[in-house]
1. If you stretched the chain out fully between residue 167 and residue 151, how much longer would it get, using 0.36 nm times the residue separation minus the C-alpha to C-alpha distance?
2. Quickly estimate the mean residue ellipticity at 222 nm for the chain, helices only: each DSSP H run with n ≥ 4 gives -39500 (n - 2.57), and the total goes over all residues, rounded to 500.
3. Which of 40, 187, 73 ends up with the largest GNM mean-square fluctuation for the chain, with Cα atoms connected below 10 Å?
4. Counting other beta carbons within 10 Å of each Cβ, put 71, 99, 29 in order, fewest first.
5. Ranked by Cβ crowding within 10 angstrom, fewest neighbours first, how are 123, 33 ordered?
6. Among the lysines, which have Cα under 28 Å from the Cα of residue 118 when same-chain residues fewer than 8 positions away are ignored?
7. Give, as ranges by residue number, the residues of the stretch 27-56 whose backbone N falls under 16 Å from the point 7 Å along Cα→Cβ of residue 78.
8. Based on DSSP H assignment, which helices of the chain show an axial Cα extent of at least 15 Å together with a mean Kyte-Doolittle hydropathy greater than or equal to 0.0?
Amino acid sequence: MSANLDRVTVPKFTAMKAAGQKITMLTAYDFLTAALVDVAGIDGILVGDSLGMVVQGHPTTLSVTLDQVIYHAEMVGRAVGRALVVVDMPFPSYHLGNYRAIENAARGLKEARAQAVKLEGGTAQAETIAALVSAGIPVMGHCGLQPQSIHQLGGYSVQRDREQVLADARAIEQAGAFAMVLECVPAELAREVTAAVSVPTIGIGAGAACDGQILVLQDMLGLTPGRLPRHVRAYADLKQAIADAVARYRDDVRAGTFPGEEQSFR
Ligand code: KIV
């Protein structure tokens with residue numbers, strides 16, 4: 001079997017930061033959207049635990065299980081030929097000791113054919129990150145806003161504690177992570193973190209100075225119901241496009257104009 005030379009790898013992420021090339025990432029949770037995102041040339045696809053809110057309709061990410069993430073990641077892994085696939089570790093799949101964290105993270109690589117895992121936490125998770133990395137599992141860290149700690153935080157707010165965010169980012173880097181998500185931190189602080197660490201920072205609500213950006217696919221496609229968070233730019237209005245298409249279909253069926261001649265067999 002020949003290797004795909006275009007494949008985005010973990011070392012490629014490192015090289016992109018060194019070369020000053022911005023890294024593009026989006027989430028995906030299924031075969032169809034992952035294939036579309038991959039073909040469009042996005043560098044990394046995260047099978048995020050945001051699937052709990054986006055796909056399952058829960059109010060937080062906390063109810064997502066490892067089996068559910070693996071179920072979605074397997075579909076994404078099968079669809080993707082170029083992008084780096086990263087599997088999110090759901091709560092509490094990496095909080096119960098290094099042995100279980102390695103066992104759980106390995107499922108992402110073995111069953112979903114992902115190249116890396118992501119987990120939330122800085123100083124608090126440094127030991128776990130180091131254990132995964134020494135087992136040969138590439139880790140993307142995640143600091144700033146950590147949605148799995150929503151009940152401790154009391155809400156999805158911008159994280160302004162400069163010392164804490166810097167300490168978390170440095171701990172993630174020193175533990176051996178190859179990249180980190182910086183979520184909802186002031187743009188100036190994200191710039192400082194990006195300059196302070198040697199690994200790429202992937203921002204979401206963290207300004208333009210990060211080494212890359214990630215958005216939830218359904219948010220940037222304008223599919224998510226309700227008001228979009230401030231950090232999202234909607235690049236399409238698929239919610240409206242779907243509503244229009246469904247209404248036209250409904251009206252055609254009611255009027256007897258669908259199916260027409262072209263959709264009927266002789
Ligand atoms: O779960 C997720 O989609 C994430 C991104 C928002 C970074 O963690």
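All of the numbers you see were taken from the coordinates with simple rules; none came from a lab. Here the structure is a predicted model, which means the values were calculated and not measured. Glycine also receives a Cβ, built like all others from the backbone with ideal geometry; neighbour counts cover every protein chain displayed.
1. On the way: separation 16, 0.36 × 16 = 5.76 nm, distance 2.18 nm.
Result: 3.6 nm gained on full extension.
2. Values: 11 runs with 108 residues, N = 266.
Calculated mean residue ellipticity at 222 nm is -12000 deg cm²/dmol.
3. Checking each option, the largest mean-square fluctuation is seen for 40.
4. Details: 71 16, 99 9, 29 25.
Listed from fewest to most nearby Cβ atoms, that is 99, 71, 29.
5. On the way: 123 16, 33 19.
So the residues, fewest neighbours to most, are 123, 33.
6. 12, 17, 22, 110
7. Inside the label zone: 29-36.
8. Helices meeting the span and hydropathy rule in the chain are 66-79.
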